[in-house]
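First comes the structure, then the notes that go with it.
Nothing in this text is a laboratory measurement; each read-out follows from the coordinates by a stated rule. This one's a predicted model, so the numbers in the text were calculated from it and none came from an experiment. Glycine also receives a Cβ, built like all others from the backbone with ideal geometry; neighbour counts cover every protein chain displayed.
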Amino acid sequence: FKLNINDLLTLKNLGSGNSGTVSKILHIPTQKIMAKKVIPIDSETVIQAQIIRELRILHECRSPYIIEFYGAFINNNNTIVICMEYCNCGSLDKILSLSPNGQFPLPILKKLAFSILSGLSYLYTTHKIIHRDIKPSNVLMSHKGEFKLCDFGVSRELNNSIAMADTFVGTSTYMSPERIQGLTYGVKSDVWSMGLMLIELASGKPVWYEDTKSTGPEGILDLLQRIVNETPPSLTNKVNPITKTAYDPSLCQFIDFCLIKDDNVRKSPSELLDDTEGFLKGTIEGLFDKDVKVWAKGIRKLLKDKSENDK
Ligand code: ADP
Ligand code: MG
């Protein structure tokens with residue numbers, strides 16, 4: 001079906017990031033709930049048309065680990081509107097702030113890592129797409145406990161149009177050393193970002209938290225230099241500040257593999273999935289699906305209570 005701005009009823013705001021604003025909407029003709037992302041762009045009409053053409057590849061991305069794409073169009077000559085599957089538990093950054101202890105339990109981390117790697121591997125092997133922006137706010141969870149990727153960079157023109165606005169837009173603390181250095185970067189750069197994310201979700205603290213508090217270009221440049229020069233972050237031999245115990249050894253080892261600085265040595269998503277005896281053992285058989293389902297149900301309830309309180 002063709003999407004039309006007049007058919008979309010906005011229900012609530014879900015948040016905004018560097019590139020745009022996301023809201024929950026109802027598509028009136030089909031009565032389907034969707035998420036709508038509005039991205040302001042001030043590029044020429046030909047470029048806008050090119051962006052819409054490039055986004056069409058998203059129609060072909062079908063995987064349980066990828067947010068479904070419903071369509072995109074240009075509105076008022078100055079915004080790109082993207083409609084996609086709505087995920088009712090929201091993104092992992094918000095879920096983390098609601099989680100008991102402020103941390104993700106081990107079974108959840110296992111299913112999450114498996115889902116992200118499956119999504120990345122699907123995008124890359126089937127469509128040659130690299131995600132480029134793996135971070136907690138770009139991984140969503142459904143009430144059934146499924147994890148799905150969104151916001152991957154398929155449109156070069158769209159990236160250009162957004163990046164033009166501000167040089168530091170798109171600079172993120174989840175960026176891999178090879179990307180910061182402007183060297184070849186590929187699907188393994190997403191693995192680095194996932195490794196950082198797993199540390200954050202397991203410990204409850206973003207890896208570069210102390211550093212990002214000092215804002216401004218100098219702070220960011222300084223930090224990027226540290227990512228390139230320092231030994232990579234790790235949970236090995238660290239004590240969990242909440243439980244006062246060591247982190248699971250297989251989790252620590254898995255994260256250490258993801259955060260190998262040399263991308264020639266770091267494994268790709270499909271190579272990591274091939275190791276079915278380590279951290280990911282049992283995930284392909286769905287061993288943790290039930291745990292995640294129960295956990296997602298709890299999160300869903302907390303979200304509902306929260307929105308009741310907000311009223
Ligand atoms: P960022 O990812 O940098 O936070 P975005 O503009 O991509 O910025 O998204 C804003 C927020 O909207 C996200 O943090 C997420 O919580 C929410 N969001 C994005 N897409 C969806 C979706 N499909 N379903 C539910 N929530 C979403
Ligand atoms: Mg996003």
Report, to the nearest 10°, how far helix 45-55 tilts away from the longest principal axis of the Cα atoms in the chain, using its own Cα long axis and a range of 0 to 90°.
50
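Work out the FRET efficiency for ILE57 and ASP305 from their Cβ-Cβ distance, taking R0 = 30 Å, and round it to the nearest 0.05. The partial results should precede the final answer.
Details: r = 39 Å, r/R0 = 1.31.
So, using R0 = 30 Å, E works out to roughly 0.15.
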Between the range 261-289 and the range 55-79, the alpha-carbon center distance in angstrom:
29
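May I ask you to compute the full-extension gain from ASN75 to LYS297, defined as 0.36 nm times their residue separation minus their alpha-carbon distance, rounded to one decimal in nm?
On the way: separation 222, 0.36 × 222 = 79.92 nm, distance 3.69 nm.
Result: 76.2 nm gained on full extension.
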Lys/Arg Cβ at +1, Asp/Glu Cβ at -1, dipole of the range 70-152 taken about the Cα centre: which of ALA113, SER99, ASN77 is farthest positive-ward?
ALA113
Label points 7 Å out from Cα along the Cβ direction at ILE28 and LYS144: separation in nm?
3.0
What percent does the relative contact order of the range 10-95 come to when contacts are Cα pairs within less than 8 Å and at least six residues apart?
25
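Divide by every residue of the chain the summed helix terms, -39500 (n - 2.57) for each DSSP H run of at least 4, and state the resulting mean residue ellipticity at 222 nm, rounded to the nearest 500 deg cm²/dmol. Walk me through the intermediate numbers first.
Working: 11 runs with 125 residues, N = 311.
The helix-only estimate for the chain comes to -12500 deg cm²/dmol at 222 nm.
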Cβ neighbours within 10 Å, averaged per peptide: list 8-19, 183-194 in order, most packed at the top.
183-194, 8-19
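Determine the dipole magnitude for the range 32-83: charges of +1 sit on the beta-carbon of Lys and Arg, -1 on that of Asp and Glu, nothing else is charged, the reference point is the Cα centre, and the result goes in debye to the nearest 20.
On the way: 6 positive and 5 negative charges, 49 e Å.
Result for the range 32-83 is approximately 240 debye, rounded to the nearest 20.
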Treat each spin label as a single point 7 Å out from the Cα along the C-beta direction, and report the VAL46 to GLU285 distance in nm.
5.8
Looking at this model, which pairs from LYS37/LYS297; LYS188/LYS281; LYS12/LYS301; LYS281/LYS304; LYS148/LYS205; LYS12/LYS135 are more than 29 angstrom apart at the alpha-carbon?
LYS281/LYS304
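Please get the size of the charge dipole for the chain, origin at its Cα centre, with Cβ charges of +1 on Lys and Arg and -1 on Asp and Glu, quoted in debye to the nearest 20.
Details: 37 positive and 35 negative charges, 217 e Å.
It comes to approximately 1040 debye.
Hey, what's the Cα Rg ratio for the range 35-129 versus the globular rule of thumb, 2.2 N^0.38 Å? Before the final figure, lay out the partial values.
Values: Rg = 16.7 Å, N = 95, 2.2 N^0.38 = 12.4 Å.
It is 1.34.
Of the listed peptides 244-250, 101-107, what is their order by residue-averaged count of other C-beta atoms within 10 Å, with the highest listed first? If you can, show how the numbers build up before the last one.
Working: 244-250: 12.9, 101-107: 16.6.
Top to bottom by mean Cβ count within 10 Å: 101-107, 244-250.
Looking at the chain only, what percent of DSSP beta bridges run antiparallel? Nearest 5 please. Each step should come with its number before you reach the end.
On the way: 32 of 33 bridges.
Beta bridges within the chain, antiparallel portion: roughly 95 percent.
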Taking H placed 1.01 Å from N in the peptide plane, check which residues at least 5 places from TYR70 or on another chain put their amide H under 5 Å from its amide H.
CYS83, MET84, GLU85
Principal axis lengths of the chain from Cα atoms, whole Å, largest first?
55, 43, 39
